[in-house]
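Here's the structure, in structure tokens; my notes come after.
The values are calculated or read from the model by the stated rules, or taken from the named source; none is laboratory data. Every value quoted in this text rests on a predicted model; they were computed, and no experiment measured them. No Cβ is skipped: glycine too gets one built from the backbone with ideal geometry, and neighbour counts run over all protein chains shown.
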């Protein structure tokens, strides 16, 4: 059982990759919350709340993976028969039990982090339940793939507001403008990555596998991914201006956008499986680099202490 569950994690929720992404994402949002609320009057302070909050976010991402497995099981069993879950080495019931453990851990740790974090945790759980229920409009969402992504990815701003509540122990409705704006940055990069990872060259499309490129064509799919990332880049620069970030931050964001534009143009010029895969790589790099840039500039401009 443990061996098979570990194989499942390696395949569908690799802890090294997800852990790195979650830590970088949490760090950026955590430091931004401290900087936006307290300004430069005091250094940014890291404490046990940071580690506990990271762990809660990891559990949140995992329980969303469990929800997706339940929603997509019938299709995945046909399209991806080689997967651990499809082969029956791990069952849906076992995953559901693991998901329940994750939710219990989220709620318990959030209670320790204070009422604001606990309330925001409940908001995330409620939204994830709506995702599981397909917002009670499953048939409509199945016919409108982009609308499906638009609605489901609204959980990303919820994650940001959870981090805000953890960082400053304040309710999410008290979040200042830089936090509210950066929440939509995470939405944009999440949307761009989601579309990019489901964009394929025509020769690589498979019957029964639903992709954005199959529904709307590879070039339109790639362009929509690019628009989402451009949106994120512009909003992040606005956040940078509000936080009085140095010029290099804006230049680095512009350079990242240039890399993504290059990737999309190259995909247009030479549409192959390799260039399609590069779209996902560029979008994933964009997400990670964004958070690192933000964290570095906040530490540089505000200072950092540990307690």
The lone exception for residue 148 - which of (1) assigned to a loop (DSSP other than H, G, I, E, B); (2) free of Cβ contacts under 8 Å to residues at least 12 places away in the same chain; (3) buried (at least 17 other Cβ atoms within 10 Å of the Cβ) it fails: (1)
Pick from the range 211-263, criterion in contact (Cβ under 8 Å) with a residue 60 or more places away in the chain and over 27 Å from residue 149 (Cβ atoms), ranking: surrounded by the most Cβ atoms within 10 Å (Cβ to Cβ): 243
Any hit, the range 182-200, residues being in a helix (DSSP H, G or I) and surrounded by fewer than 16 Cβ atoms within 10 Å (Cβ to Cβ): no
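Please note which helices (runs of 4 or more DSSP H) are completely contained in the range 212-307 and include at least 1 residues that are closer than 16 Å to residue 28 by Cβ. Full working, then the answer.
Details: elements: 212-216, 218-242, 247-269, 273-302.
Qualifying helices (runs of 4 or more DSSP H): 218-242, 247-269, 273-302.
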Complete set of residues in the range 119-137 that are crowded, with 19+ Cβ neighbours inside 10 Å and over 19 Å from residue 65 (Cβ atoms): 120
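Here is a check on your reading of the model: is residue 238 under 24 Å from residue 79 (Cα atoms) and under 21 Å from the mean Cα position of the chain (by Cα)?
Details: under 24 Å from residue 79 (Cα atoms): no; under 21 Å from the mean Cα position of the chain (by Cα): yes.
The answer is no for residue 238.
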Residue 164 vs. criteria in a helix (DSSP H, G or I), within 30 Å of residue 115 (Cβ to Cβ), in contact (Cβ under 8 Å) with a residue 60 or more places away in the chain and touching a helix residue (DSSP H, G or I) at 6+ places or on another chain (Cβ under 6 Å): yes
Test set (1) under 16 Å from residue 196 (Cβ atoms); (2) in contact (Cβ under 8 Å) with a residue 24 or more places away in the chain; (3) crowded, with 22+ Cβ neighbours inside 10 Å - residue 298 fails condition number: (1)
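Let's see how each residue does on (1) under 21 Å from the mean Cα position of the chain (by Cα); (2) assigned to a loop (DSSP other than H, G, I, E, B); (3) within 19 Å of residue 56 (Cα to Cα); (4) in contact (Cβ under 8 Å) with a residue 24 or more places away in the chain:
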| site | (1), (2), (3), (4) |
| --- | --- |
| 67 | yes, no, yes, yes |
| 76 | no, no, no, no |
| 81 | no, yes, no, no |
| 86 | no, yes, no, no |
| 102 | yes, no, yes, yes |
| 106 | yes, no, yes, yes |
| 117 | yes, no, yes, yes |
| 158 | yes, no, yes, yes |
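From 58, 111, which residue is in contact with a helix residue (DSSP H, G or I) (Cβ under 8 Å, 6 or more places away or on another chain), assigned to a helix (DSSP H, G or I), modelled with pLDDT of 95 or more and loosely packed, with under 15 Cβ neighbours inside 10 Å?
On the way: 58 fails: loosely packed, with under 15 Cβ neighbours inside 10 Å.
So the residue among 58, 111 that is in contact with a helix residue (DSSP H, G or I) (Cβ under 8 Å, 6 or more places away or on another chain), assigned to a helix (DSSP H, G or I), modelled with pLDDT of 95 or more and loosely packed, with under 15 Cβ neighbours inside 10 Å is 111.
Table: residues versus (1) within 15 Å of the chain's Cα centre (by Cα); (2) crowded, with 16+ Cβ neighbours inside 10 Å; (3) modelled with pLDDT of 95 or more; (4) more than 22 Å from residue 287 (Cα to Cα).
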site: 14; (1), (2), (3), (4): yes, no, no, no
site: 17; (1), (2), (3), (4): yes, no, no, no
site: 20; (1), (2), (3), (4): yes, no, no, no
site: 24; (1), (2), (3), (4): yes, yes, no, no
site: 29; (1), (2), (3), (4): yes, yes, yes, no
site: 32; (1), (2), (3), (4): no, yes, yes, no
site: 40; (1), (2), (3), (4): no, no, no, yes
site: 43; (1), (2), (3), (4): no, no, no, yes
site: 46; (1), (2), (3), (4): no, yes, no, yes
